[in-house]
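Data first, discussion second: the structure below is written as structure tokens.
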Amino acid sequence: MHTVVLVLIEVLIVIGLSRLVGLGFRWINQPLVIGEIVAGIMLGPSLFGLVAPELSATLFPPETVPFLNVLSQVGLIFFMFLIGLELNPKYLSGNLEIAVLTSHVSILVPFSLGTLLAVLLYPLISNASVSFTAFALFLGAAMSITAFPVLARIITENNLQGTRLGTLALTCAAVDDVTAWCVLAVAIAVARTGSIAGAFHTIVFSLLYIGVMVTLGRNFLSRLANYYRRHKRLNQLVLALIYAGVVASALITELIGIHLIFGAFLLGAIMPKNAGLVREIAVKTEDFVLIFLLPVFFAYSGLRTQIGLLNSPELGLLCLLVLFVAIAGKYVGTYVAARVSGINNREASALGWLMNTRGLTELIVLNIGLELGVISPLLFTMLVIMALVTTFMTSPLLEWTYPKKLIKLNVVETQPETEIDAEIATRPYRVLVPVANPDTQKGLLQLAVAIAVNYQQPAIVNPLSLIELQEDYAYESTPVEANRLIQERHQLLDELIQRLEPPAARSYVHPIVRVSNNVARETIQIAALEQADLVVVGWHRPAFSNNRLGGRVGQILTAATVDVAVFIDRGEERLESLLVPYSGNIHDDLALILALRLLVNRDTCHLQVLQVLSAHQVKDELSHELQTLMEQMPSSVSDRISINTIEATDPMQAVVEASQGVDLTIAGASRTWGIERQTLGRYTDELAIECRSSLLITRRYTKVISHLTSVLSEVKSEVTS
């Protein structure tokens, strides 16, 4: 088979498997890059070559490896350019003194421990052709590196970018990144020349080139920012010049004697940080690099990773020792420096776990070391395992150390709950409203306000807007870009709130905007953390399924540990007449309670409770709680309630006909909802399609105590007044 054809087949396999495994890791709340690295290892001798050696040799013969190497090197050049491009000076604006101390100690401690470990490993797994100095420098650099891109995205996904911990971690990682690359450049120079003295001229030329780029290069590139400000876009010629500059800078650093990735990183770092310019370059560059070229790099690395080399207990223990030194050195160094700087125990510990993130950056370092022959395939495999484990452990250890309940969820200034009538001892009645599109979901939020707010009891309505990030390395997932998106979404929500009626209700509405990689899961978590009494969500038919519980709404209905109501908006803004078809199940109880809340909150509202009986069916009685509540209703409320019992051969048709004359029908999910998981129950499904009015479908989880207590309090307040 022709070599080019084989390479194309390999690329096809690599892209498909990396996406598949990457999405699997995203599902377990891990960075996509970990899955892609694992996919690369799976294609190598560690799995594919072990399970199907003949097929592996056919698909990945030695003659195709150089082609994969070229593609991976091009991918690395442009990936490092993206890293430099996203290294924003804003990350260095806060806590700089603390960050410099913490980051340098977090490099010095693992670097020192790595050098000591080199004394043990050098005679065991190295050879005489490699100098101990180069070996120790590389091992120290591998131990001390922090993957700034992965760390930045973990911070964004955990919504830490606006907290002191997030700001400090970003600053530490930015300083760490620059320092670690300088250390690595020295290590490469020493490895290529054999000694520090021999590397002196390489280091001098590198410093001269950095100086030229920071002065003359930055001054020239400032014209690019001026061009963008005038034209508001980059044409293909300008983009071609930028890409040519990336390649030229990479070539210069390679000729100087360090490595081509440094030139690409340096050009990205000195690029003008005009937000629009950076966004356009990143968006136009990252898709091809991240989807096509980087997975090839992971596959190339996987072909060189041989887990089978760890074939004895002694080597397994050495691998564990490498892992222990890497974790302990980075964590202890960061933790101690942070504590000395005055950071509290919890934040210092969380910072230690964040700085332990190594990810793709570590893999780049290891491949350079293997190419130069400084580290052996055995040590390469050990360090790849270390990179995977330290990155994999970051998210769960961060959640354990600094759980989401400690992160301020509402990033806008809101009215403190303590300022709401101090005489009221009960906690606010809280409704969470996921808002997918602020432009079209006014009715959803207006209904939530009508249910919650009566101006006598404390209430809070939280419109929740989640900005979903699909990829780890997408530019929008950088903290700076995420903050811009959050501000834009806040503005849209504020405009929506200003359209709510009556104006007095707007002060009860406090938006929550967060970044998320799983909207349904994040909504459920926020509902629990905010102790919401009710989640009101808009209904959307799944795009590729007839499953009415498919998609996010179905996930929220199925998994939320709070009462949920699904609103089907027919465009009717009035809430003067309500219909509750009541059949006596627990979900109907919630429907009736919410209807009573609307009745108490709105003096002009009327409620019809409809009980439809088929032949010989016994009338369903109200629950004891509801019966008690109805008896305590003052005449001003009870006079607006009518309970009708009718007989009909087709109960559904009777409810549909009754809905024609009302503004809102509130119906509980069918009794069989818990069994028919793909639907809301046959009855409720049919009602969702045929109902003539807007429809609110309720799914009860709690014992309705919070809704009931609040309604009773409102009724008593009305009676005493």
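Laboratory data are not the source of any read-out in this text; all were calculated from the coordinates shown. The shown structure was predicted, so the numbers you read here are calculated from the model rather than taken from an experiment. Reconstructed Cβ throughout: ideal geometry from the backbone, glycine too, with neighbour counts over all protein chains shown.
Ranked for footprinting exposure by Cβ neighbours inside 10 Å, fewest first, Met213, Met143 give Met213, Met143. With each label modelled as a point 7 angstrom along the Cα→C-beta vector, the Gln531-Leu208 pair spans 6.8 nm. Simple point charges give the picture: +1 on the Cβ of Lys and Arg, -1 on the Cβ of Asp and Glu, and for region 3-405 a dipole about the Cα centre of about 1320 debye. In terms of Cα atoms, the Rg and Dmax of the chain work out to 30.9, 101 Å.
Which residue, Ser249, Ala174, Leu294, has the largest displacement toward the positive end of the dipole of region 3-405 when charges sit on each Cβ (Lys, Arg +1; Asp, Glu -1)? Towards the positive end, the residue furthest out is Ala174. In region 3-405, Cα pairs under 8 Å separated by at least six residues give a relative contact order of 29 percent.
Using a cutoff of 8 angstrom between alpha carbon atoms and counting only pairs six or more residues apart, the relative contact order for the chain works out to 14 percent.
In region 120-261, the inverse of the mean reciprocal separation of distinct Cα atoms equals 18.1 Å; this is its Kirkwood hydrodynamic radius. Counted by neighbouring Cβ atoms within 10 Å, the residues Cys319, Cys172 run from fewest to most as Cys319, Cys172.
Strictly over 28 Å apart at the Cα level, which of Lys330/Lys404; Lys90/Lys330; Lys284/Lys404; Lys90/Lys284; Lys232/Lys442 would you flag in this model? Table pairs above 28 Å Cα-Cα are Lys284/Lys404; Lys232/Lys442. Evaluated at q = 0.06, 0.12, 0.14 Å⁻¹, a Debye calculation over the C-alpha positions of region 3-405 (equal weights, vacuum) places log10 I(q)/I(0) at -0.23, -0.99, -1.37. Summed over all non-identical Cα pairs, the Kirkwood treatment of region 1-111 gives a radius of 17.2 Å. Entry note, the chain: the mean residue ellipticity at 222 nm calculated from DSSP H runs of n ≥ 4, each adding -39500 (n - 2.57), is -19000 deg cm²/dmol after division by the residues and rounding to the nearest 500. Quick one: longest stretch of the chain between exposed loop trypsin sites (Lys or Arg not before Pro), exposed meaning at most 13 other C-beta atoms within 10 Å and loop per DSSP? The answer is 1-231. In the chain, taking the dipole from charged Cβ atoms about the Cα centre, the farthest positive-side position among Leu469, Leu493, Asn345 is held by Asn345. Rounded to a whole number of µm²/s, how large is the Stokes-Einstein D of region 249-307 at 37 °C and 0.692 mPa s, given Rh as the Kirkwood radius over C-alpha pairs? Rounded to a whole number, D works out at 243 µm²/s. Comparing Cα centroids, region 208-273 and region 15-84 end up 29 angstrom apart.
Legend: ranking of residues Tyr227, Tyr582 from fewest to most surrounding C-beta atoms inside 10 Å; resulting order Tyr227, Tyr582. By DSSP, the beta bridges lying fully in the chain are antiparallel in about 10 percent of cases.
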